[in-house]
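What follows is a single structure, written as structure tokens, with notes after it.
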């Protein structure tokens with residue numbers, strides 16, 4: 001398998017403080033790599049630096065064999081890198097169709113194929129994105145990214161604010177995308193056991209340092225040691241690395257019945 005993403009000795013952070021230190025990571029075509037760790041470990045920083053939204057302090061990142069040093073962030077999608085941000089970054093006043101058409105027009109992507117992975121969006125094409133449930137908004141964010149036909153897809157916290165049952169439906173779609181297209185995926189996900197079910201390999205960050213990496217079977221087999229390392233000795237085996245994070249307004253599940261169709265949150269922003 002060819003390496004789509006090569007991160008070598010990366011240091012990155014904010015205001016001169018490194019949140020990621022000496023990180024080495026690769027993502028190959030046709031595989032999902034899960035980037036795990038507690039809140040504040042440097043996972044999002046790694047993705048933002050890879051897409052060019054946050055400058056590296058030291059080290060090198062190569063995407064499709066070329067260093068991203070000096071590359072403007074807006075060129076990343078044109079080169080085949082798609083980044084689904086943690087906040088989804090939708091145009092809430094625009095309809096689902098308009099959100100997708102904007103992305104497709106910019107990248108000449110295949111809108112129909114993107115929708116084939118999320119057929120629940122088709123009857124919602126005329127609805128404003130701000131009126132979608134959390135699960136529907138995440139599907140839209142994913143479908144929008146797929147219109148660019150990415151060779152490398154980075155997904156930051158797909159499950160944020162969603163009920164676990166919704167996450168269980170969405171994560172396997174990543175596996176289908178990889179199997180169908182041969183793309184590579186770098187996935188940041190707080191539901192560790194679900195991420196390990198769809199990923200091929202995993203890497204664990206703690207306070208900016210890489211503390212473990214290997215196949216998902218190897219990482220799952222070290223669950224007890226990893227719990228003590230970054231979850232705390234009292235953590236349950238099924239707890240996620242970010243389980244201790246303080247819940248915010250975006251951490252609410254879609255609705256008490258965990259039905260993605262039932263909740264309509266008006267985000268008139």
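The values are calculated or read from the model by the stated rules, or taken from the named source; none is laboratory data. This one's a predicted model, so the numbers in the text were calculated from it and none came from an experiment. Please note: Cβ atoms are built from the backbone with ideal geometry, for glycine as well, and neighbour counts cover all protein chains shown.
Brief remarks follow.
- Those residues of the range 153-166 which are assigned to a helix (DSSP H, G or I) and either touching a helix residue (DSSP H, G or I) at 6+ places or on another chain (Cβ under 7 Å) or surrounded by 23 or more Cβ atoms within 10 Å (Cβ to Cβ) (or both), in sequence order: 166
- In summary, residue 68 fulfils each of the numbered conditions (1) exposed (fewer than 13 other Cβ atoms within 10 Å of the Cβ); (2) without any contact (Cβ under 8 Å) to a residue 24 or more places away in the chain with the single exception of condition (1).
- Just so you know, in the range 20-40 the residues that are modelled with pLDDT under 95 and over 19 Å from residue 84 (Cβ atoms) include one that is surrounded by the most Cβ atoms within 10 Å (Cβ to Cβ), and it is 38.
- Positions within the range 191-201 being touching a residue at least 60 places away in the same chain (Cβ under 8 Å) and either more than 23 Å from residue 161 (Cα to Cα) or surrounded by fewer than 22 Cβ atoms within 10 Å (Cβ to Cβ) (or both), in sequence order: 196, 198, 200, 201
- Output for the range 180-210, where each listed residue is farther than 20 Å from residue 50 by Cα, in contact with a helix residue (DSSP H, G or I) (Cβ under 6 Å, 6 or more places away or on another chain) and not in a loop (DSSP other than H, G, I, E, B): 194, 196, 198
- Scanning the range 143-152 for residues that are touching a helix residue (DSSP H, G or I) at 6+ places or on another chain (Cβ under 7 Å) and in a helix (DSSP H, G or I) returns 143, 144, 146.
- Where residue 88 falls short, out of the listed (1) assigned to a loop (DSSP other than H, G, I, E, B); (2) farther than 25 Å from residue 27 by Cβ: (2)
- Filter pass, residue 150 being more than 12 Å from the chain's Cα centre (by Cα), crowded, with 24+ Cβ neighbours inside 10 Å, modelled with pLDDT of 90 or more and closer than 23 Å to residue 111 by Cα: yes
- Condition check for residue 186: touching a strand residue (DSSP E or B) at 6+ places or on another chain (Cβ under 9 Å), crowded, with 19+ Cβ neighbours inside 10 Å and modelled with pLDDT of 95 or more: yes
- Single residue of 83, 74 found to be within 14 Å of the chain's Cα centre (by Cα) and within 22 Å of residue 144 (Cβ to Cβ): 83
A quick yes/no check of all residues on (1) touching a residue at least 40 places away in the same chain (Cβ under 8 Å); (2) closer than 18 Å to residue 3 by Cβ; (3) touching a strand residue (DSSP E or B) at 6+ places or on another chain (Cβ under 9 Å):
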site	(1), (2), (3)
31	yes, yes, yes
34	yes, yes, yes
38	yes, no, yes
43	yes, no, yes
51	yes, yes, yes
72	no, no, no
80	yes, yes, yes
85	yes, no, yes
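- Here the range 116-125 is the region considered, the condition is being part of a helix (DSSP H, G or I) and in contact (Cβ under 8 Å) with a residue 24 or more places away in the chain, and the residue that is surrounded by the fewest Cβ atoms within 10 Å (Cβ to Cβ) is 120.
- Screening residue 128 with (1) surrounded by fewer than 23 Cβ atoms within 10 Å (Cβ to Cβ); (2) under 23 Å from residue 38 (Cα atoms); (3) modelled with pLDDT of 95 or more gives one miss only, at (2).
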